[in-house]
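For reference, the structure is listed below as structure tokens.
The values are calculated or read from the model by the stated rules, or taken from the named source; none is laboratory data. Model, not experiment: these values are computed from the prediction. All Cβ positions, even for glycine, are placed from backbone atoms using ideal geometry, and neighbour counts span all protein chains on display.
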Amino acid sequence: MHTYLGGARPRDELEREMPEVPERWPGSFVVGLDGAMIGRILLRRAAEHRRPAAAGKVDLGHLFLPWSWGNGYAAEACAAALDWLDGALPGEPVVLATQSANIRSMRLAAKLGFTEVERFRAWDAEQWLGLRPPVTPTE
């Protein structure tokens with residue numbers, strides 16, 4: 001079930017996005033429940049071919065099994081991944097893109113502190129791009 005993911009992409013395109021250096025892929029996390037994988041959180045550098053406002057920033061993505069939706073697992077896991085990022089790469093702005101029709105993802109983005117930067121059309125649907133400003137390290 002990939003309702004809001006925009007469809008398949010060519011293998012060569014995906015391979016070009018794989019990082020040659022770890023800094024382009026800051027984090028990839030498996031979310032487990034009772035010993036089973038229920039989701040995944042990805043933190044990667046937004047590709048230059050995407051929205052100019054996102055290029056070079058850390059992009060937060062999440063994917064969960066449909067039966068787990070609505071239980072707060074994505075909110076908890078995304079918040080933990082962002083906390084980890086704030087410690088590992090302090091001062092990094094983070095972007096999140098989702099279809100504007102994905103109401104749950106839009107609510108989650110707001111809860112995590114993302115604000116709208118722009119809306120655009122891609123994959124035959126309106127997309128929403130949000131930004132979470134850099135978290136200033138406390139001394």
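Go through segment 100-119 and give me each residue that's surrounded by 14 or more Cβ atoms within 10 Å (Cβ to Cβ), over 21 Å from Gly72 (Cβ atoms) and of a type outside the set (Ser, Thr, Tyr).
Result: Val117, Glu118.
Across segment 112-139, what is the total count of residues that are of a type in the set (S, T, N, Q) and modelled with pLDDT of 90 or more? Break it down stepwise before answering.
Filtering segment 112-139 for residues of a type in the set (S, T, N, Q) gives 115, 127, 136, 138.
With the extra rule that they be modelled with pLDDT of 90 or more, the set shrinks to 115, 127.
Looking only at that region, the number is 2.
I'd like to know if segment 90-97 contains one or more residues that are loosely packed, with under 12 Cβ neighbours inside 10 Å, at pLDDT below 85, outside any helix (DSSP H, G or I) and more than 14 Å from the chain's Cα centre (by Cα). Walk me through how you get there before you give the answer.
Of segment 90-97, the ones loosely packed, with under 12 Cβ neighbours inside 10 Å are 91.
Then drop every residue that is not at pLDDT below 85, which leaves none.
So far as segment 90-97 goes, no, none of its residues is loosely packed, with under 12 Cβ neighbours inside 10 Å, at pLDDT below 85, outside any helix (DSSP H, G or I) and more than 14 Å from the chain's Cα centre (by Cα).
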